[in-house]
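Working notes, beginning with the structure itself.
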Amino acid sequence: MSDSYVIIGDGIAGASAAETLREEAPDADITVLTDEGESLYNRILIKEYAKGKLPEAPISIHQEDWYDDHDVDLRLNTVVVDIDVDADAVHTHEGETFEYDSLLLAIGGTPQQLPVENADADGIHHFWTFQDARRIKESVEDAEKAVIVGAGLLGIDFAAICGAQDVEAKYLMRGDNWWRYALSEEGAEIMHEAMRERGVEPVFGSGVDRFEVNDDGHVEAAVDPNGERYECDFAGVAIGLNFNTELVEDTPLETDDGIVVDEFMRTNVDNVYAAGDITTFNDLILGERAKNGSWGSAKEQGTVAARNMIDYGSEEFKWVSSYSITHFDFPFLSFGHPTLGDDSVEATTADGEWRRVALKDGKVVGGVLIGDLSPQSAFKQLMREGRDVSDHTDLLMEPGFAVDDLPASAEQ
């Protein structure tokens, strides 16, 4: 009798798991349950669609016939309401039951809503799904003034969308600079200037205390904690995710800001695995529990989870993630865990070229590159190998840095 695998979620983590299971367990029964109304699409490209730079067609990755062709049972618009780990079964909102030998949870998260007055008004948008991108594109094309909240990697997508659609925007940030936990003021100023060139003005020491709406319930202004009022008919909010752990609250599964998994993507229940944004995993490079929301990390986690569902212990998850921003006239890349560590070094290597490397116990754990991305392979290699570079951090800032530039003693 063939094994039965159930996957909840058809994002990149769930889809890559389905692909791997079908390749490596050709006779298995595979079912994918997703609450979305369309099959796998490229979350990286939906921002380009919202900017008006891409049509819908290139964004889809798996058409529905892919699932039929690969004998994968895809159930769209299907909400799982209960997981019974004792019976090895999941139950849906329509009363269907799916039994499994192994279960993969790739259930991701939901954008956080600002806890302020009128946060759910018309014209206020969050950015996570393809349907979100469609609504944003339609709304921003008719907008005149915008407000953006959330000084991180998703918030800057809103800034780029407004800039591309020629909408004047105020980008309200609580701190003194964009992504303040990963960039110094010097590095962030490169990003600030790029925003200004596109009609997006960063406002520091700000935020949103409340939204004001017109008689039709549409947003018309944001008021910050300082009492400053910013008119807007479009608002983009990107302040993080609420991870969808409510589905497992009544199960024995361990949670810690997500579903806890080991280095093989297995939970504390032997035949239940998790992958993607939802996981809190053993980061073998960082040496502690961590989270990672990048597309590449989720894809790799799905693949690793699938292989261990077939043969537990066969492959560890050991991944150095990266995230690139392509909105501006220069490249931007973050890698690893740039907001963590106990020390850092940074340098401006040329006009508009800046780098910062985060260190923990003398070892590279992450960083940010603006302009010159050529050292990324060397930094990722240092992370994977766990080399102590504490006595040679100056070399990390040299233009054209390569691992071979380190003295032999630093390579042990």
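Just so you know, all these numbers are worked out from the coordinates, no wet-lab data involved. None of the values given here were measured: they were computed from a predicted structure. Neighbour counts are summed over all protein chains in view; Cβ atoms, including those assigned to glycine, are modelled from backbone coordinates with ideal geometry.
The table that follows gives values for the structure above.
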{"read-out": "Under the Karplus curve 6.51 cos²θ - 1.76 cosθ + 1.60, θ = phi - 60°, whole-Hz ³J(HN,Hα) for region 90-106, x wherever Gly or Pro sits", "value": "10, 10, 9, 5, 9, x, 7, 10, 10, 8, 9, 8, 9, 10, 10, 9, 10"}
{"read-out": "Theoretical gain in end-to-end length, Asp86 to Ala402 [0.36 nm per residue, Cα-Cα removed]", "value": "108.5 nm"}
{"read-out": "Which listed pairs, of Lys53/Lys318; Lys53/Lys291; Lys51/Lys145; Lys318/Lys363; Lys47/Lys145; Lys360/Lys380, have C-alpha distances above 25 Å, in listed order", "value": "Lys53/Lys318; Lys53/Lys291"}
{"read-out": "Percent RCO, i.e. relative contact order, over region 108-168, from Cα pairs under 8 Å lying at least 6 residues apart", "value": "26 percent"}
{"read-out": "Loop sites in region 1-79: trypsin sites (Lys or Arg not before Pro), DSSP, at most 13 other Cβ within 10 Å", "value": "Lys53"}
{"read-out": "Estimated dipole of the chain in Debye, rounded to 20 [Cβ of Lys and Arg +1, of Asp and Glu -1, Cα centre]", "value": "1220 debye"}
{"read-out": "Charge dipole (debye, nearest 20) of region 143-230; +1 at Cβ of Lys and Arg, -1 at Cβ of Asp and Glu", "value": "220 debye"}
{"read-out": "Sparse-neighbour loop sites [trypsin sites (Lys or Arg not before Pro); region 253-335; at most 15 other C-beta within 10 Å; DSSP]", "value": "Lys318"}
{"read-out": "Förster radius 35 Å - calculated FRET efficiency between Asn226 and Glu56 (Cβ-Cβ, nearest 0.05)", "value": "0.30"}
{"read-out": "Residues listed by number, region 293-318, amide nitrogen under 14 Å from Asp3 label point at 7 Å toward C-beta", "value": "303-315"}
{"read-out": "Pairwise FRET efficiency - Glu94 versus His70, Cβ, R0 = 22 Å, nearest 0.05", "value": "0.35"}
{"read-out": "Residue order, fewest to most beta carbons within 10 Å, for Met265, Met191", "value": "Met191, Met265"}
{"read-out": "Positive-end residue, the chain charge dipole about Cα centroid, Cβ charges, pick of Asn292, Ala119, Gly175", "value": "Gly175"}
{"read-out": "Chymotrypsin sites (Phe, Trp or Tyr not before Pro) restricted to region 117-218 and DSSP loop, no more than 13 other C-beta within 10 Å", "value": "Tyr181"}
{"read-out": "The chain: relative contact order in percent, alpha carbon pairs under 8 Å with at least 6 residues between", "value": "14 percent"}
{"read-out": "Proximal charge balance of Gly362 [Cβ under 11 Å; K/R count +1, D/E count -1]", "value": "-2"}
{"read-out": "Footprinting exposure proxy for Glu138, Glu64, Glu36 (fewest neighbouring C-beta atoms within 10 Å first)", "value": "Glu138, Glu64, Glu36"}
{"read-out": "Extreme residue, positive dipole direction of region 113-237, given options Val223, Ala146, Trp128 (C-beta unit charges)", "value": "Trp128"}
{"read-out": "Three-way shape label, the chain, alpha-carbon gyration tensor, a/c 1.5", "value": "oblate"}
